[in-house]
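Only one structure is covered here, and it is reproduced in the block below.
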Amino acid sequence: MKRILLVLFFSACYMTLFAQEKAPLLTGKVNISIAQGTFECDLTLTDIPNVKDYYIRLNSGMNPLHFRSKEPQDFLIYYDKTLSDSTSTGESNAYIFPDNTRKNKFLPKTIQFKYVGKFPVVKDTLENYSRKDWKGNIAFNHNSVRTDGVQSAWYPVLYDAEMDKTYEEVRYNIEINCIDCTTLYVNGNAPVKSSSAKFKSDTPKELTLFCGNYDFSNMGNTFILNTTITQEQIKEFSLLINSYKKFYTEKLNIPFDQPVTFVETTPTSRADGWLFVSYPTILDIGWGDNGFKSLFDPKMQNWYRPFIAHELGHYYFGTYKVFNSELGDMMAEGFAEYLSLQLTKEVIGKEVYDKKLQDKIKELEDFTPVPFRKIKSQKQYDDRELYVYYYAPVIFTAIEKEIGQQKMWQWISVLLKDKSTLTNYEFLTNTLRKTLKNEKTTERIIQLYFDHDASLQNALNILKTK
């Protein structure tokens, strides 16, 4: 049951962090109808970086009227679709603009995108429902529309193929109109009780949307949208989240930079349920009492609260620092899960931590992972869920036993603050080396846990003895 739900967790984006680089600016207007399942977009992307080998991703359900260069010259652009964008998750088409020779790519500094899209509307789950729902789905249910940014690509997302960097986080100044909505929410802003509003952010954000007919609460600087929990539970929820944020802030000396928003909504399918994060938004998609009510259910809370801790951990591993390369997914998810384990041990309860760790070890009984050093492609993870959510945090926990908790927290801090633009195997080992400042100890840990074909068994051995 746990593995089935966990596999749907948020998959980290494989990006590079360039703190000095100005993010693109998205402006324009978006018209939505939740009754009709439609998007009508007139958006302009400016401050586009000078990228040579690129793709522009746009959801495959969006039908372009035109792409128009606005700078350096004003003209309609001839575009090609390409199947070469192997890192896309499948929801989007990849567009390129060939130059006059048709041998190279041309990328204007400013581009206008005009397009429309129509998507299925799930009005009930008896006869009118979809087989599956997932993070990258543009999901219209009976009273709302939910969409993330990077995976669904409902707005144009630039991808730098050479640097393995995705520009889904944009500054924005957009107008949202939804004729049949009472509340509008755009990631990075407070929700608004209106069918029309302008949203602006000078801080780059992934444009996750949740628009529809729902209420929301603001308690202790935590927004909760469309929830079924009581006012008393909302107060307790806020205190709980603030205690988790405080724990991470004190351990890493990196504070959360803005309020966290929680969204509760139903899927467009009958059986799916999962959480994902698009900081500062955490979304819970599920049915009945499987959402935030689980935080207060004695039978469920020790299982559910660590999930929330994992998603909050993605502020650090996925937002504060973003990861690329073949090991980027492992680091983003594996360290977020390790943070969740540490919070579970010190805040939720040692017995809960012990059970979670033993559950992970049990799930790995028949798994033979490829060690970090030999991973050349994410396909080598074999079973991604086992690799990033089970194997990686078990390895990190074993390293903690070797070097101590204090050094482990120092290593995580170095990982997060290092300015390297490629977060590959060398990045992983070099940050450990900087932390330990002891070549003999560093090489021993690297050999046992990063390089050795029996790395998992080595980890299990140390966990049994210490």
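Can you tell me which of (1) touching a residue at least 24 places away in the same chain (Cβ under 8 Å); (2) closer than 26 Å to residue 356 by Cα is the one residue 221 doesn't meet?
(2)
May I ask you to list the residues in segment 185-214 that are open to solvent by less than 40 Å² (accessible area, probe 1.4 Å), of a type in the set (Ser, Thr, Tyr) and either closer than 9 Å to residue 172 by Cβ or without any contact (Cβ under 8 Å) to a residue 60 or more places away in the chain (or both)?
194, 201
Looking at (1) assigned to a strand (DSSP E or B); (2) open to solvent by 10 Å² or more (accessible area, probe 1.4 Å), which is the only condition residue 247 fails?
For residue 247, the exception is condition (1).
Name every residue in segment 189-206 that is part of a loop (DSSP other than H, G, I, E, B) and closer than 16 Å to residue 259 by Cα, in order of residue number.
189, 190, 191
Would you check if there is a residue in segment 227-241 being among the acidic types (Asp, Glu) and in contact with a helix residue (DSSP H, G or I) (Cβ under 8 Å, 6 or more places away or on another chain)?
Yes, segment 227-241 contains a residue that is among the acidic types (Asp, Glu) and in contact with a helix residue (DSSP H, G or I) (Cβ under 8 Å, 6 or more places away or on another chain).
Which one is surrounded by the most Cβ atoms within 10 Å (Cβ to Cβ), of the residues in segment 215-230 that are touching a Ser or Thr at 6+ places or on another chain (Cβ under 8 Å) and assigned to a strand (DSSP E or B)?
Among those residues, the one meeting the criterion is 224.
Touching a Leu at 6+ places or on another chain (Cβ under 9 Å) and farther than 30 Å from residue 87 by Cβ - does that describe any residue in segment 313-322?
Checked segment 313-322: no residue is touching a Leu at 6+ places or on another chain (Cβ under 9 Å) and farther than 30 Å from residue 87 by Cβ.
Would it be correct to say that residue 259 is open to solvent by 10 Å² or more (accessible area, probe 1.4 Å) and at pLDDT 90 or above?
no
Return the only residue of 272, 354 being farther than 24 Å from residue 419 by Cα, of a type in the set (Asp, Glu) and either in a loop (DSSP other than H, G, I, E, B) or modelled with pLDDT under 90 (or both).
272
Report whether or not residue 339 is at pLDDT 95 or above, open to solvent by less than 40 Å² (accessible area, probe 1.4 Å) and within 20 Å of residue 276 (Cβ to Cβ).
For residue 339, the condition - at pLDDT 95 or above, open to solvent by less than 40 Å² (accessible area, probe 1.4 Å) and within 20 Å of residue 276 (Cβ to Cβ) - is met.
Would you pick out the residues in segment 266-286 that are open to solvent by less than 10 Å² (accessible area, probe 1.4 Å) and not hydrophobic (A, V, I, L, M, F, W, C)?
Matches in segment 266-286: 267, 268, 269, 278, 280, 281, 284.
So, residue 346, is that one out of contact with any His (no Cβ under 8 Å at 6 or more places or on another chain), under 22 Å from residue 274 (Cα atoms) and open to solvent by 10 Å² or more (accessible area, probe 1.4 Å) or not?
No, not satisfied.
Hey, among the residues in segment 258-292 that are charged (D, E, K, R) and in contact with a strand residue (DSSP E or B) (Cβ under 8 Å, 6 or more places away or on another chain), which one's farthest from residue 218 (Cα to Cα)?
My answer is 272.
Count, please, the residues in segment 319-347 that happen to be of a type in the set (S, T, N, Q) and out of contact with any strand residue (DSSP E or B) (no Cβ under 9 Å at 6 or more places or on another chain).
Counting residues in segment 319-347 that are of a type in the set (S, T, N, Q) and out of contact with any strand residue (DSSP E or B) (no Cβ under 9 Å at 6 or more places or on another chain) gives 3.
The values are calculated or read from the model by the stated rules, or taken from the named source; none is laboratory data. Bear in mind the structure is a predicted one, so any value in this text is a computation, not a measurement. Positions of Cβ are backbone-derived with ideal geometry, glycine not excepted, and every protein chain shown enters the neighbour counts. Note: areas computed on protein heavy atoms with side chains; ligands, DNA, RNA excluded. Shrake-Rupley method; radii C 1.70, N 1.55, O 1.52, S 1.80 Å.
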